[in-house]
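Chemist: One structure follows; several queries about it will come next.
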Amino acid sequence: MAPQSNSPPPPDSTPAKGPWLWVALGCGGCLVLSTAALVALVLLIGRTVQFAVGPDGVKTDQAPFTFTIPGESEGVMDMTMFGMQIIQVTSTDTPPSVLLTMGRLPSYLQSSADQSSFIESFQEGMVGDETYQFSLPTIEERPLCDTTVAAIVQTGEYQADQAIYAVTSLMATVDYNRRTQFVWILAHGDSAAANVDQVFDSLECQ
């Protein structure tokens with residue numbers, strides 16, 4: 001009978017499969033998922049956010065309304081973001097005789113309260129500084145896109161370069177093709193009220 005060996009068995013050459021291996025694999029998977037999610041987010045934002053400034057970038061033929069502004073005018077901003085569209089057009093004088101802001105609200109702003117809150121916040125962001133002083137708003141019923149809407153009208157003053165200009169503001173919303181569209185007309189100067197009326201009367205939904 002062959003003699004028994006007392007030498008220890010040879011070490012196992014199979015790689016260890018301890019918990020750190022699974023942690024490493026798990027972190028690698030998380031990294032891949034995070035990278036994929038980041039790429040998907042960038043692609044989503046790139047497809048849902050469009051922004052253009054200046055006359056060459058603003059496409060007024062895609063605006064919520066057709067319009068006529070007294071004198072010469074040019075595009076200022078064209079922004080589409082997460083279902084919301086905002087286009088601004090201004091007259092070319094300084095300060096602008098007319099600043100026209102138009103937009104389409106996204107479907108997730110369904111309630112009148114949400115829509116009013118968004119529009120008011122946008123307006124305050126534009127004229128919330130001390131250079132504008134407005135009177136209390138009044139509500140006027142006006143025709144727009146084959147219906148009657150409640151237009152919010154304010155008058156006041158705008159101060160710039162030690163000069164004071166009369167100001168008239170009009171804001172209104174209308175439902176068209178299952179979307180809510182809004183318009184805000186801000187006019188400066190002695191003809192501010194007349195210019196607001198002229199621009200508003202020229203609006204047609206599209």
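The values are calculated or read from the model by the stated rules, or taken from the named source; none is laboratory data. Bear in mind the structure is a predicted one, so any value in this text is a computation, not a measurement. Reconstructed Cβ throughout: ideal geometry from the backbone, glycine too, with neighbour counts over all protein chains shown. Side chains are part of the model used for accessible areas, which takes the heavy atoms of the whole protein and leaves out ligands, DNA and RNA. Shrake-Rupley method; radii C 1.70, N 1.55, O 1.52, S 1.80 Å.
Chemist: Among the numbered conditions (1) of a type outside the set (G, A, S); (2) open to solvent by 60 Å² or more (accessible area, probe 1.4 Å); (3) modelled with pLDDT of 95 or more, tell me where R178 comes up short.
Modeler: Going through the list (1) of a type outside the set (G, A, S); (2) open to solvent by 60 Å² or more (accessible area, probe 1.4 Å); (3) modelled with pLDDT of 95 or more, R178 breaks only (3).
Chemist: Across the range 68-102, what is the total count of residues that are open to solvent by 50 Å² or more (accessible area, probe 1.4 Å), out of contact with any Phe, Trp or Tyr (no Cβ under 9 Å at 6 or more places or on another chain) and assigned to a loop (DSSP other than H, G, I, E, B)?
Modeler: So the count comes out to 6.
Here's the yes/no breakdown for (1) in contact with a helix residue (DSSP H, G or I) (Cβ under 6 Å, 6 or more places away or on another chain); (2) in contact (Cβ under 8 Å) with a residue 12 or more places away in the chain; (3) among the charged types (D, E, K, R):
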| position | (1), (2), (3) |
| --- | --- |
| P106 | no, yes, no |
| S111 | no, no, no |
| I119 | no, yes, no |
| G125 | no, no, no |
| Q133 | no, yes, no |
| I152 | no, yes, no |
| Q162 | no, no, no |
| A166 | yes, yes, no |
| M171 | no, yes, no |
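Chemist: What tally of residues in the range 127-169 results from selecting those that are part of a strand (DSSP E or B) and either open to solvent by less than 30 Å² (accessible area, probe 1.4 Å) or out of contact with any Ser or Thr (no Cβ under 8 Å at 6 or more places or on another chain) (or both)?
Modeler: Residues flagged as part of a strand (DSSP E or B) and either open to solvent by less than 30 Å² (accessible area, probe 1.4 Å) or out of contact with any Ser or Thr (no Cβ under 8 Å at 6 or more places or on another chain) (or both) within the range 127-169 amount to 22.
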